[in-house]
Each structure stands twice: as structure tokens, then as C-alpha cells.
1. When only the heavy atoms of the protein chains count and the probe is 1.4 Å, how do His107, His113, His157 rank by accessible area, highest first?
2. Anyone know which of Ala185, Ala30, Ala139 comes out most mobile in the 10 Å Cα GNM of the chain?
3. Using a ≥ b ≥ c from the Cα gyration tensor of the range 29-73 (square roots of the eigenvalues), is it rounded, prolate or oblate, where a/c under 1.5 gives rounded and otherwise the larger of a/b and b/c decides, a/b for prolate?
4. Which angle from 0 to 90°, rounded to the nearest 10, does the C-alpha axis of helix 117-129 make with the longest principal axis of the chain?
5. Quick one: pull the percent of accessible area on the chain belonging to carbon and sulfur, 1.4 Å probe, ligands and nucleic acids left out.
6. Just the number, please: Stokes-Einstein D of the chain in µm²/s, Kirkwood Rh from C-alpha pairs, 4 °C, 1.567 mPa s.
7. In Å², and per residue, what accessible area does the range 138-178 have when probed at 1.4 Å with the other protein chains present?
Amino acid sequence: MYPSSVALSSRPAADKADKADKRSAILAAALRLIARSGLHNTPMAAIAREAGVAAGTLYLYFPSKEAMVNALYLDLIQDRDRAYLAELDAIDDPTAGPAESTWRIWHALARWHLDRPDASNLIHQCRASGILTDETRAAEARDQAARLPLFRDAIAHGQLRELSQQVFWALFAGPILALVQMRDAGEIDVDDDVLRATFDGVCRSVLP
């Protein structure tokens with residue numbers, strides 16, 4: 001009785017884990033193919049083959065290509081944000097000045113984009129294509145709004161210049177995206193010296 005009860009109780013958890021694994025495999029396959037062939041040249045059938053699932057199985061997880069791409073976009077945005085938000089503790093480090101604290105956050109964001117070219121490219125494609133739904137844009141806006149108090153607090157404590165959140169992000173993240181594009185075009189080798197020189201410009205833009 002007990003072994004069968006344990007088996008029955010563990011089955012939903014196993015099914016849930018299997019479903020999460022298949023979802024992850026589908027999204028990983030989509031990311032690889034879209035990076036290789038482009039957003040509009042990657043059909044669902046090709047993604048199913050790449051993921052090793054039947055086309056019908058893929059539609060059990062995502063009702064359409066638009067839904068799948070939007071889910072992938074949000075997953076990547078959240079992964080990117082976790083990477084640099086993990087460095088926010090640097091702001092409270094008494095041994096680190098404003099420039100060093102900002103560098104740790106900026107460098108984490110830069111490394112995410114540089115080390116994940118497929119993910120960075122997909123984010124760019126999604127934003128340029130019009131495929132993002134109102135729901136996805138609203139979810140991203142909610143995440144930004146949740147970080148607004150931290151941003152305002154940094155301004156109030158003289159750690160950042162008084163800028164709008166949108167202008168700050170353009171000055172803070174824009175140079176990173178430019179470096180990624182130049183690196184991918186073979187125009188520049190983005191080493192630590194290039195990152196530090198670029199960050200010097202960021203400091204002049206966003207620090208008091």
C-alpha cells in the first residue's frame with residue numbers, strides 16, 4: 001500500500017518536471033534556429049524537429065509561433081535581469097565607490113549580452129519585428145516599474161544623475177548593445193580594455 005501511494009503521489013511532480021523539461025527543450029531549439037535563420041524564416045515544424053518532439057506535441061505547449069516567441073522573449077529578459085540585478089548588493093558595499101558599484105552591475109549586463117549572442121540577438125529581433133504582444137510588453141513594463149523605487153532611491157542618495165528611467169537605460173545599456181553589434185560584425189574585439197573604456201563613457205553619462 002505505501003509504495004504504491006508514494007508512487008502515485010510522486011507522479012504529478014515527475015509529470016510536471018517532464019513538462020518543464022520539454023518546454024525548455026522547445027524554447028532552446030527555437031533560440032538556436034531563430035539565431036541561425038531569423039525570426040521569420042524559422043517555422044514551427046523546424047523547431048519541433050530541432051527539439052526532438054512531434055509537431056503536435058509542440059502545440060500542446062505553445063498554441064502558436066507568436067506565443068512561443070513571446071514566452072522565449074520573457075524568459076530571456078528575466079534571465080538577463082537576474083544576471084545584473086544580482087550585483088545590486090554592490091550599491092550597499094561600503095568599500096565600493098559609486099563608479100565601482102556601477103561597474104559591477106554594468107559589467108554583469110555586458111557579459112550577459114556578450115556571452116549569450118543568440119539570446120541577445122533574439123531580444124533585438126523581437127523588439128524590431130512587432131511580434132511582441134501587448135501582454136508581453138505589459139509584463140516587461142511591470143518588471144521595470146517594480147525596479148523604479150530602487151532607481152529613484154539611487155538618485156535621491158546621489159548615486160545616479162537625475163534622469164528618467166528610459167533615458168538612463170539608453171545611456172546605461174545602449175553602449176553594450178552597440179559593442180555586441182560591432183563584435184558580431186567583426187569590427188571590434190571586445191576585451192576588458194574596451195569594456196573599461198566604454199564604461200568610462202557610461203560613468204560620465206549616468207553618474208553625478
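The values are calculated or read from the model by the stated rules, or taken from the named source; none is laboratory data. Only a predicted model underlies this, so the values are computations on that prediction, with no experimental measurement involved. Just so you know, the surface numbers come from the protein's heavy atoms only, side chains and all, with ligands and any DNA or RNA stripped out. Shrake-Rupley method; radii C 1.70, N 1.55, O 1.52, S 1.80 Å.
1. On the way: His107 50, His113 10, His157 125 Å².
Ranked list, largest accessible area first: His157, His107, His113.
2. Ala185
3. On the way: a/c = 1.87, a/b = 1.22, b/c = 1.53.
It comes out oblate by the Cα gyration axes.
4. 90 degrees
5. Values: 6360 of 11710 Å².
Heavy-atom surface of the chain belonging to carbon and sulfur, 1.4 Å probe: 54 percent.
6. Details: Rh = 19.5 Å.
The Stokes-Einstein estimate is 66 µm²/s.
7. Values: 2480 Å² over 41 residues.
Per-residue value: 60 Å².
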